[in-house]
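Written out below as structure tokens is the structure these notes cover.
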There are 2 protein chains.
Amino acid sequence: MTQISLEHFQKYFYDNAELGFSVDLSRLSFPANFWGEMEPRLQKAFEEMAALEGGAIANADENRMVGHYWLRAPELAPDNWGKTIRQTNKQILNFVQQVHEGTIAPERGGKFTQLLLIGIGGSALGPEFVAHALGDPRQDKLTPHFFDNTDPGGMERTLAAIGDELPNTLVIVVSKSGGTKETRNGMLEAHNAFHEAGLHFGRHAAAVTEVGSALDQVAVSERWLARFPMWDWVGGRTSELSAVGLLPAALQGFDIQAMLQGAAEMDAATRLHQTQQNPAALLSAAWFHATGGKGAKDMVVLPYKDQLELFSRYLQQLIMESLGKEKDRDGNVVHQGISVYGNKGSTDQHAYVQQLRDGVANFFVTFIEVLQKRPGGEADALQVEPDVTSGDFLNGFLYGTRDALFQKGRESVTITLRQLDAAFVGKLIALFERTVGLYASLININAYHQPGVEAGKRAAADIIALQEKVLLLLRQNAETAFTAREIAAKIETQESEMVFHLLRHLEANGRLQYAGGDGVEARYRTVT
Amino acid sequence: MTQISLEHFQKYFYDNAELGFSVDLSRLSFPANFWGEMEPRLQKAFEEMAALEGGAIANADENRMVGHYWLRAPELAPDNWGKTIRQTNKQILNFVQQVHEGTIAPERGGKFTQLLLIGIGGSALGPEFVAHALGDPRQDKLTPHFFDNTDPGGMERTLAAIGDELPNTLVIVVSKSGGTKETRNGMLEAHNAFHEAGLHFGRHAAAVTEVGSALDQVAVSERWLARFPMWDWVGGRTSELSAVGLLPAALQGFDIQAMLQGAAEMDAATRLHQTQQNPAALLSAAWFHATGGKGAKDMVVLPYKDQLELFSRYLQQLIMESLGKEKDRDGNVVHQGISVYGNKGSTDQHAYVQQLRDGVANFFVTFIEVLQKRPGGEADALQVEPDVTSGDFLNGFLYGTRDALFQKGRESVTITLRQLDAAFVGKLIALFERTVGLYASLININAYHQPGVEAGKRAAADIIALQEKVLLLLRQNAETAFTAREIAAKIETQESEMVFHLLRHLEANGRLQYAGGDGVEARYRTVT
């Protein structure tokens, strides 16, 4: 293996025994003057972070405070928010206790056995990650399912997996704004499934949303089981430790107090203004080094632990939506960001370590090691070779791969957790939330808005409106078959190509009839 | 929306009504002379592909033929391989029929209800993709589970999900070489679980491997239920349509004849030497344009269909392991490849379209559209708004996002499938296998070897050997606690850092005792 002296290693090894956590930057090749040059930027980042935690309008574009750190330290929250946070967490624990005891029960009696979470993006990625990371079929109090898209085929399959347990299914609809179309559609599809089974949806549903939102109003009018608040100072991608994540986690049976406590402990460690003692500061500087402060390299996330398989998907949103910005805070066009991908090791070694070692040098790796390989350790575990366990191989592959990459100049960071439980999930989330926040300061961007997501939604709405016009025209001329070009002329739009795509979509779903012709010259008429 | 004339669109729109399939390159901005300059390279690629299909030693480094196309066209296979392929497929169908009928039955009687596939990389990614794409809890004949790693915690959870059904579980161990450590470990862990339940593993197991491999020998000696062959002319990442993928697919209840037929039809279309009539040629040229022929941009794969959620993981191996090469076929150092990531739309829009639209312009998108949004279409589907279905939104988000990206100069390819069933899964696999092969010719690399994967495995083996020495020393000095540095000196290795990592791993798993000290100065002794 590549020789690194223990002294060099030690210099780049942050170890926090109390947190059971370490960060190893020894496989990054920092220039000699790197840390000296970073220090003023980091000090500025610490100051901005302190202001943010103090209640400054850190998300200037949207004129909002950024308060996700208060969720696990209510005593730091300004105004009266600390009290509100504590009340909400108490409300969650009370509701969950009643569900588990059966005092809040399904319409037809018995107990809730299944949990269907309907949400997308920040309202699903955290809950999905945590459900997978901490879930265990031997212990889960409710079995989790998700509607995280507007694919009707996908929703049908999820309902099929719930099967006969639909009457015992508790539905949580999560949408901060209450206006997300995918989530609205999912709610209506679920509503319909309950209705067809002769059940009242509201007697099986709870909402997590901003007070007064469209979703909140539905929940009130249909007398849902419960409503839990979201606040405008919690962004979707940092909402896992609000009701968005805590409610489903507690329902599945996880210790949400431990999650909050773990996050609070990591927050305390990452609040320090001494760079070398602050693991998030070290990581943010590592990102700056590895990507040139410009996203010049992708971040490949390789946790060597099956439970962390969905972590990179969670990080894709947290990192890419926070950092992927056109302009910096001074209005300069910068096209920032860091691309994130990865699944798990050693599995991914067999998919693409070939390219990582030999191919395009366009990445750095974030290895995540979990020391405890199975609950209770491996002292009495099966030996796959004399004195060697499956977990020894997992460890060997991580450090072996790290070395094989470093031999070829491919850099990596290694994060080590003592074990993986609710507290460590909280620590991981807090670590990356803080790293993203500090890194955003280093590159001078607003990490808390997402101005680029509206254009696609607007275009989708235009397409839905165009489809209405197409269907109307064809119904009004039920005897006639038209090409896309003819329809576009009739309804006076330039969008003849989009009309063509709509015609194909509608025909394949039994809502138009094909009437001859090839490709863009194909004709369609209304179904008679 | 951005205006593209129907004429321009038509020029870059490949449509094959017979295949129910189209490729749209209209959102790539090709230079005027692009296709003329590509044509000689493409003609050379067609010739190389024809030689490969004719049985040439296309994988020169490993002195092997490359025969995955023969799997669905046995009549094209050289020597006597066609007969062998047909026999194997018949053997699979016979075995599966007997399992489904219960004539091949579990040790304690009844029928097999669960399927546990043990494999990794090319022996798992295809089966996992297909199990998820075509699986349906309402219809599956066996419920699939996977060991795809050497994480003991992950294996325990999979066994927990199987639970009381272990006696009715059929295990397939898949390893071409029969020597992959993760798969060997998984087999031993499963063996142990059956043993602890008082069951004979061999009476529940089948192997897919090369005749005579270590795995094959175990299967013979333990009298497993069946053995299915792999051949040296099928690479792991192109083995989905060999026994590796066909056996689990058929066991789950899928129509593998349709998969093979779909692939054969796509093969016929992608065998043409006319660039504009060959969708794989068009795609390979599109990759060349989008990445500069050097992997300068990542490929973001966004299928708007939940069933295709694992397709990008399958493509990560197929594309990155095939193309990620240090040297071209003439020995020049080129560091080739294309990085691949993505999950599904519209879900991923809510994760990172912010960065795609506004941030680093380091990617192109491959949209995958499935026209039929649910089985049977949506004529009678729930309307989420008057005359609008959930599937209409899925369609709107795809084309809306594509347009939002194109407005900002972000390029994309759109692949459209009429529906998603076994035949279309075969078509998709065949399309990308051929595209990878043609693209490799365009950039003059060997797509069929993987010389970069050995270094990590060797380093892992070194680490396992080092661990043995560490454990031995500590046992021989049971009274003494050592630091990593002291141990390294005693066993005469320079690897003191790796010894430190091993000590932490062993202690966290109950196999060493911590005896004071911080960080790299911590002391450990053997467990007494």
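Tell me the residue from B:463, B:487 that is touching a Phe, Trp or Tyr at 6+ places or on another chain (Cβ under 8 Å) and of a type in the set (A, V, I, L, M), please.
One residue alone meets the criteria, B:463.
The rows are residues; the columns are (1) assigned by TED's automatic domain parsing to the domain that holds residue A:143; (2) of a type outside the set (Lys, Arg); (3) under 21 Å from residue A:81 (Cβ atoms).
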{"position": "A:228", "(1), (2), (3)": "yes, yes, yes"}
{"position": "A:232", "(1), (2), (3)": "yes, yes, yes"}
{"position": "A:238", "(1), (2), (3)": "yes, yes, yes"}
{"position": "A:241", "(1), (2), (3)": "yes, yes, yes"}
{"position": "A:244", "(1), (2), (3)": "yes, yes, yes"}
{"position": "A:249", "(1), (2), (3)": "yes, yes, no"}
{"position": "A:269", "(1), (2), (3)": "no, yes, no"}
{"position": "A:272", "(1), (2), (3)": "no, yes, no"}
{"position": "A:275", "(1), (2), (3)": "no, yes, no"}
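Which condition number does residue B:130 fail, the rest of (1) part of a helix (DSSP H, G or I); (2) within 23 Å of the chain's Cα centre (by Cα); (3) within 14 Å of chain A (Cβ to nearest Cβ) being met?
If we test residue B:130 against (1) part of a helix (DSSP H, G or I); (2) within 23 Å of the chain's Cα centre (by Cα); (3) within 14 Å of chain A (Cβ to nearest Cβ), just (3) comes out false.
Quick check on this structure: which one of A:52, A:28, A:19, A:71 is more than 14 Å from every other protein chain (Cβ to nearest Cβ), surrounded by 16 or more Cβ atoms within 10 Å (Cβ to Cβ), assigned to a loop (DSSP other than H, G, I, E, B) and of a type in the set (A, V, I, L, M)?
A:28
Which residues, counting only those in segment B:209-241, are surrounded by fewer than 17 Cβ atoms within 10 Å (Cβ to Cβ) and among the acidic types (Asp, Glu)?
B:222, B:232, listed by residue number.
Do the conditions hold for residue A:450, that is, is it without any contact (Cβ under 8 Å) to a residue 24 or more places away in the chain and under 23 Å from residue B:405 (Cβ atoms)? Step through it out loud before you land on a result.
Working: without any contact (Cβ under 8 Å) to a residue 24 or more places away in the chain: no; under 23 Å from residue B:405 (Cβ atoms): yes.
No; evaluated as a whole, the condition is false for this residue.
Can you name every residue in segment B:465-484 that is surrounded by fewer than 20 Cβ atoms within 10 Å (Cβ to Cβ) and among the β-branched types (Val, Ile, Thr)?
If the condition is that a residue be surrounded by fewer than 20 Cβ atoms within 10 Å (Cβ to Cβ) and among the β-branched types (Val, Ile, Thr), then B:480 is the only one that fits.
From B:91, B:87, B:114, grab the single residue that is assigned by TED's automatic domain parsing to the domain that holds residue B:249 and surrounded by fewer than 16 Cβ atoms within 10 Å (Cβ to Cβ).
Exactly one residue qualifies, and that residue is B:87.
For the subset of segment B:94-125 comprising residues that are within 11 Å of chain A (Cβ to nearest Cβ) and outside any loop (DSSP other than H, G, I, E, B), which member is nearest to residue B:423 (Cα to Cα)?
Checking each candidate, the answer is B:125.
Mind checking which residues of segment B:179-192 are in a helix (DSSP H, G or I) and among the polar types (S, T, N, Q)?
Listed by number, the residues that qualify are B:183, B:185, B:192.
How about segment B:296-333: which of its residues are more than 9 Å from chain A (Cβ to nearest Cβ) and more than 15 Å from the chain's Cα centre (by Cα)?
B:297, B:299, B:302, B:303, B:328, B:329, B:330, B:331, B:332, B:333
Kindly check whether there is at least one residue in segment B:411-434 that is under 16 Å from residue B:349 (Cα atoms), touching a residue at least 40 places away in the same chain (Cβ under 8 Å), over 19 Å from the mean Cα position of the chain (by Cα) and buried (at least 24 other Cβ atoms within 10 Å of the Cβ).
yes
Identify, by number, the condition in (1) in contact (Cβ under 8 Å) with a residue 40 or more places away in the chain; (2) part of a helix (DSSP H, G or I); (3) assigned by TED's automatic domain parsing to the domain that holds residue B:32 that residue B:302 doesn't meet.
All conditions are met except number (2).
Mind checking which helices (runs of 4 or more DSSP H) fall wholly inside segment B:349-450 and carry at least 1 residues that are facing another protein chain (nearest Cβ under 8 Å) and at negative phi?
B:349-358, B:390-407
List every residue pair whose Cβ atoms lie under 8 Å apart, where the two residues are 6 or more positions apart in sequence or sit on different chains, the first residue falls within segment A:320-332 and is free of Cβ contacts under 8 Å to residues at least 24 places away in the same chain, and the second residue, located anywhere, is of a type in the set (Ser, Thr, Tyr) and in a loop (DSSP other than H, G, I, E, B).
Once the first residue is free of Cβ contacts under 8 Å to residues at least 24 places away in the same chain and sits in segment A:320-332, its partners that are of a type in the set (Ser, Thr, Tyr) and in a loop (DSSP other than H, G, I, E, B) give A:320/A:339.
Hey, among B:176, B:141, which residue is more than 27 Å from residue A:153 (Cβ to Cβ), of a type outside the set (Asp, Glu) and part of a loop (DSSP other than H, G, I, E, B)?
The match here is B:176.
Which pairs do you get when a residue that is more than 21 Å from residue B:241 (Cα to Cα), found in segment B:266-282, comes within reach of a residue that is charged (D, E, K, R), reach meaning Cβ atoms under 7 angstrom, with the pair 6+ apart or on two chains?
Correct list of pairs: B:275/B:39.
Quick check on residue B:209: is it away from chain A (no Cβ under 14 Å), farther than 20 Å from residue B:104 by Cα and of a type in the set (Ser, Thr, Tyr)? First the steps, then the outcome.
Details: away from chain A (no Cβ under 14 Å): yes; farther than 20 Å from residue B:104 by Cα: yes; of a type in the set (Ser, Thr, Tyr): yes.
Judged against the criteria, residue B:209 is a match.
Among residues belonging to segment B:150-168 that are among the polar types (S, T, N, Q) and out of contact with any helix residue (DSSP H, G or I) (no Cβ under 8 Å at 6 or more places or on another chain), point out the one that is surrounded by the fewest Cβ atoms within 10 Å (Cβ to Cβ). If you could, list the steps in order and put the result at the bottom.
Start the filter on segment B:150-168 by keeping residues that are among the polar types (S, T, N, Q), which leaves B:150, B:158, B:168.
Of the ones still in play, those that are also out of contact with any helix residue (DSSP H, G or I) (no Cβ under 8 Å at 6 or more places or on another chain) are B:158, B:168.
Values: B:158: 23, B:168: 20.
In this case the residue turns out to be B:168.
If you check residue B:215 against the conditions, is it farther than 24 Å from residue B:113 by Cβ and either in contact (Cβ under 8 Å) with a residue 24 or more places away in the chain or in contact with a Cys (Cβ under 7 Å, 6 or more places away or on another chain) (or both)?
In short, yes.
Only one of (1) surrounded by fewer than 21 Cβ atoms within 10 Å (Cβ to Cβ); (2) within 30 Å of residue B:346 (Cα to Cα) fails for residue A:121. Which number is that?
Evaluating residue A:121 over (1) surrounded by fewer than 21 Cβ atoms within 10 Å (Cβ to Cβ); (2) within 30 Å of residue B:346 (Cα to Cα) leaves (1) as the failure.
Return the residue satisfying two criteria in turn: it lies in segment A:478-520 and is in a loop (DSSP other than H, G, I, E, B) and touching a residue at least 40 places away in the same chain (Cβ under 8 Å), and of such residues it is nearest to residue B:420 (Cα to Cα).
Taking the candidates together, the pick is A:511.
Yes or no, residue by residue, for (1) within 16 Å of residue A:23 (Cα to Cα); (2) in contact with a Gly (Cβ under 7 Å, 6 or more places away or on another chain); (3) buried (at least 22 other Cβ atoms within 10 Å of the Cβ):
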residue: A:244; (1), (2), (3): no, yes, yes
residue: A:248; (1), (2), (3): no, no, yes
residue: A:251; (1), (2), (3): no, no, yes
residue: A:270; (1), (2), (3): yes, no, yes
residue: A:280; (1), (2), (3): yes, no, yes
residue: A:290; (1), (2), (3): yes, no, yes
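Would you be able to tell me the number of residues in segment B:427-470 that are charged (D, E, K, R) and more than 24 Å from residue A:359 (Cα to Cα)?
So the count comes out to 4.
Identify, by number, the condition in (1) at pLDDT 95 or above; (2) more than 32 Å from the chain's Cα centre (by Cα); (3) more than 7 Å from chain A (Cβ to nearest Cβ); (4) surrounded by fewer than 23 Cβ atoms within 10 Å (Cβ to Cβ) that residue B:500 doesn't meet.
Checking residue B:500 against (1) at pLDDT 95 or above; (2) more than 32 Å from the chain's Cα centre (by Cα); (3) more than 7 Å from chain A (Cβ to nearest Cβ); (4) surrounded by fewer than 23 Cβ atoms within 10 Å (Cβ to Cβ), the one that fails is (4).
For segment B:94-109, give me the residue count where each residue is crowded, with 16+ Cβ neighbours inside 10 Å and without any contact (Cβ under 8 Å) to a residue 12 or more places away in the chain.
So the count comes out to 1.
Does residue B:171 fit the bill of being out of contact with any Asp or Glu (no Cβ under 9 Å at 6 or more places or on another chain) and either surrounded by 21 or more Cβ atoms within 10 Å (Cβ to Cβ) or over 22 Å from residue B:105 (Cα atoms) (or both)?
For residue B:171, the condition - out of contact with any Asp or Glu (no Cβ under 9 Å at 6 or more places or on another chain) and either surrounded by 21 or more Cβ atoms within 10 Å (Cβ to Cβ) or over 22 Å from residue B:105 (Cα atoms) (or both) - is met.
The values are calculated or read from the model by the stated rules, or taken from the named source; none is laboratory data. Here the structure is a predicted model, which is why all the values come from computation and not from measurement. Backbone-built Cβ (ideal geometry, glycine too); neighbour counts: all protein chains shown.
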